[in-house]
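The values are calculated or read from the model by the stated rules, or taken from the named source; none is laboratory data. In this text the structure is predicted, and so the values were computed from the model without any measurement. All Cβ positions, glycine included, derive from the backbone under ideal geometry; neighbour counts span all protein chains shown.
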Amino acid sequence: MALSKDILGKKLDAYKFTVERGKVKEFCKAIGETNPIYLDPAEAKKAGFEDTPIPPTFQTTFQFWGYPKIWDDMRAMGIDTARLLHMKEEYTYLKPIYPGTTISAQGEVCDVKTGKMDMVTFKTAYLNEKGEACIEAEMAIVIRPEGT
């Protein structure tokens, strides 16, 4: 199945992900993050947070841990995931997210460019249990031409 501009506006499945303190600590260790506001609740509270907020870019784990079916859904849209390259990721941080928060999310195709290399952009809003937007994300991918 070839990529078509007809997927513009297509919504991915909605999913939920609960932020676990241990996973945040593992993430911090993996990226070398040592700022105590992400690791120590007392330090986070001294800095004005309710608890340890998630560090920047932790939300990328939401999709991979909370929605592993994304790869099958991309293939069903005509995206050749074997030739997929991550192009860019942009985040708008609106509210802190803390361990114990259950995030709801649903991505949507907001741009499609076809040509020598196809490009697809997804937009996702990450909402807390109150339905408040905490993070808005935009992810763009490129699909390399066959034979490259």
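Exactly one residue among TYR38, TYR15 is surrounded by 13 or more Cβ atoms within 10 Å (Cβ to Cβ), among the aromatic types (Phe, Trp, Tyr) and in contact with a Pro (Cβ under 7 Å, 6 or more places away or on another chain), and that residue is TYR38. If a residue has to be of a type in the set (A, V, I, L, M, F, W, C), in contact (Cβ under 8 Å) with a residue 60 or more places away in the chain and not in a loop (DSSP other than H, G, I, E, B) to count, how many in the range 2-29 make the cut? Final tally of qualifying residues: 3. ARG21 satisfies every condition listed in (1) closer than 18 Å to PHE122 by Cβ; (2) within 20 Å of the chain's Cα centre (by Cα) except (1). Taken over the range 114-133, the criterion of being more than 22 Å from ASP51 (Cα to Cα), part of a strand (DSSP E or B) and either of a type in the set (Phe, Trp, Tyr) or at pLDDT below 95 (or both) is satisfied by ASP118, PHE122.
Here is a list: PRO99, PRO55. Which entry is assigned to a loop (DSSP other than H, G, I, E, B), surrounded by 12 or more Cβ atoms within 10 Å (Cβ to Cβ), touching a residue at least 60 places away in the same chain (Cβ under 8 Å) and under 17 Å from the mean Cα position of the chain (by Cα)? Before the answer, list the steps.
Values: PRO55 fails: touching a residue at least 60 places away in the same chain (Cβ under 8 Å).
So the residue among PRO99, PRO55 that is assigned to a loop (DSSP other than H, G, I, E, B), surrounded by 12 or more Cβ atoms within 10 Å (Cβ to Cβ), touching a residue at least 60 places away in the same chain (Cβ under 8 Å) and under 17 Å from the mean Cα position of the chain (by Cα) is PRO99.
Could you tell me whether GLU33 is surrounded by 13 or more Cβ atoms within 10 Å (Cβ to Cβ), farther than 25 Å from GLU132 by Cα and modelled with pLDDT of 95 or more? In short, yes. Just so you know, in the range 112-127 the residues that are surrounded by 18 or more Cβ atoms within 10 Å (Cβ to Cβ) and more than 17 Å from the chain's Cα centre (by Cα) include one that is nearest to LYS95 (Cα to Cα), and it is VAL112.
Set side by side, the residues GLU108, GLU89, GLU136 differ, and just one is touching an Asp or Glu at 6+ places or on another chain (Cβ under 8 Å), charged (D, E, K, R) and part of a strand (DSSP E or B), which is GLU89. Name the residues in the range 30-45 that are within 24 Å of the chain's Cα centre (by Cα), part of a helix (DSSP H, G or I) and of a type in the set (A, V, I, L, M), would you? Residues satisfying the conditions are ALA30, ILE31, ILE37, ALA44.
Look at LYS69 and say whether it is among the charged types (D, E, K, R), closer than 20 Å to VAL19 by Cα and modelled with pLDDT under 95. Give the steps one after another, and end with the answer.
Numbers: among the charged types (D, E, K, R): yes; closer than 20 Å to VAL19 by Cα: yes; modelled with pLDDT under 95: yes.
Here the answer is yes, as LYS69 does meet what is asked.
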